[in-house]
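One structure below.
The values are calculated or read from the model by the stated rules, or taken from the named source; none is laboratory data. Predicted model, so just to flag it, every value in this text is computed and none were measured. Cβ coordinates were reconstructed from backbone atoms using ideal geometry, including for glycine residues, and neighbour counts include every protein chain displayed. Side chains are part of the model used for accessible areas, which takes the heavy atoms of the whole protein and leaves out ligands, DNA and RNA. Shrake-Rupley method; radii C 1.70, N 1.55, O 1.52, S 1.80 Å.
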Amino acid sequence: MPSATIAGVTVDVNEEGFMTDRGQWTRAIGEAIAAELGMTPMTDSHWKVIDFLQKDYAEQGVMPSIRRVKNAGGIPTKELYALYPDGPLKKASRIAGLPKPSSCI
Amino acid sequence: MSEANGKIKKVSLVCSKGSLEGIYPALIMANGARMEGIEASIFFTFFGLYAVLKKFNTKIKIATVGNPAMRVPDAKGMPLPTILGAIPGMSTFATRMMQKEMEQLDIPPIPEFIEMIRDAGGHLYACKATVDMFHLKPEDFCDELEKVLTVGEFYELSAGAQIIFT
């Protein structure tokens with residue numbers, strides 16, 4: 001299992017850079033991954049997406065789709081793409097320390 | 001170019017069929033492209049145009065006739081002969097079954113899907129030849145449709161894209 005040093009902490013990641021141990025995630029790590037992806041600054045709106053993904057993943061055990069982020073998370077699709085351009089769900093999941101989204105939708 | 005660095009940058013989908021199984025692949029592929037940060041547009045032509053006609057895109061059905069892969073009651077069931085597929089209500093029934101499965105996978109109904117693709121920055125165009133042939137007016141289309149294009153304009157807008165016919 002590869003590991004990476006993010007925000008001064010060694011964490012487990014997979015080949016694509018997604019964290020594999022939820023327990024290792026902290027907001028500082030999220031912030032550092034975001035910076036690596038060119039997502040600075042992370043505003044409250046950005047964190048709202050991360051918070052929903054983490055909460056929904058914890059409750060459902062699967063990564064939500066963009067449709068679910070819209071319908072259950074109350075984050076409009078347009079806003080999601082504006083906050084996280086070029087692959088919103090994938091980027092946000094990585095920042096959130098969650099697995100890569102597995103749905104086609 | 002579209003395949004620089006081995007990554008697809010832009011896709012143009014042509015949706016030419018108006019059955020449920022004709023329309024969804026184009027919508028899923030366009031939406032999936034946007035999810036990956038790939039530019040995406042769909043050119044709706046012939047019966048595929050029904051996907052963006054607001055009075056009709058809620059009534060799209062599966063073809064139960066002339067579909068030799070069709071099985072009942074599920075994908076591994078018995079083949080559905082065309083003569084049975086022609087029974088009134090069969091298409092509606094099969095569509096309802098499929099929609100139930102799709103809802104579980106979070107695949108949206110067509111109007112919501114169209115809205116999501118537009119909100120995701122995908123582009124939706126209608127084919128001028130078909131619009132003229134079907135005598136369609138601007139008010140027939142859902143709000144998400146951006147423009148009616150000639151095939152020439154479609155090719156112009158597709159510069160550098162992979163063109164995919166569904």
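Each Lys and Arg adds +1 at its Cβ and each Asp and Glu adds -1 at its Cβ; summed about the Cα centre, chain B shows a dipole of about 460 debye. Note on segment B:61-106: Cα-Cα pairs beyond 17 Å make up 26% of the total pair count.
In the complete set of protein chains, residue-level accessible area for A:CYS104 is approximately 100 Å², probe 1.4 angstrom. Are any of the pairs B:LYS61/B:LYS137; B:LYS10/B:LYS61; A:LYS70/A:LYS90; B:LYS17/B:LYS128; A:LYS78/B:LYS17 more than 18 Å apart by Cα-Cα distance, and if so, which? In this structure, B:LYS61/B:LYS137; B:LYS10/B:LYS61; A:LYS78/B:LYS17 lie more than 18 Å apart at Cα.
Pop out the carbon and sulfur fraction of the accessible area of the protein assembly as shown as a percent, whole number, probe 1.4 Å. Carbon with sulfur: 58 percent of the solvent-accessible area. Among complete DSSP H helices in chain B, those whose alpha-carbon atoms stretch at least 18 Å along the helix's long axis and whose mean Kyte-Doolittle hydropathy reaches -0.5 are B:20-35.
A crude spin-label estimate for the pair B:ILE83 and A:ASP51, with each label 7 Å from Cα along the Cβ direction, gives 6.4 nm.
Ordered from longest to shortest, the equivalent ellipsoid semi-axes for the protein assembly as shown are 38, 23, 16 Å, each the square root of 5 times a Cα gyration tensor eigenvalue. When nucleic acids and ligands are ignored and a 1.4 Å probe is applied, B:HIS135 ends up with an accessible area of around 140 Å².
Over segment A:3-95, what portion of Cα pair distances is larger than 15 Å, expressed as a whole percent? Considering segment A:3-95, 57 percent of its Cα-Cα pairs are separated by more than 15 Å. A DSSP coil position with no more than 15 other Cβ atoms inside 10 Å describes the following GluC sites (Glu not before Pro) in segment B:69-166: B:GLU146.
Chains B and A together bury roughly 1500 Å² of accessible area, counting both sides, with a 1.4 Å probe on protein heavy atoms only.
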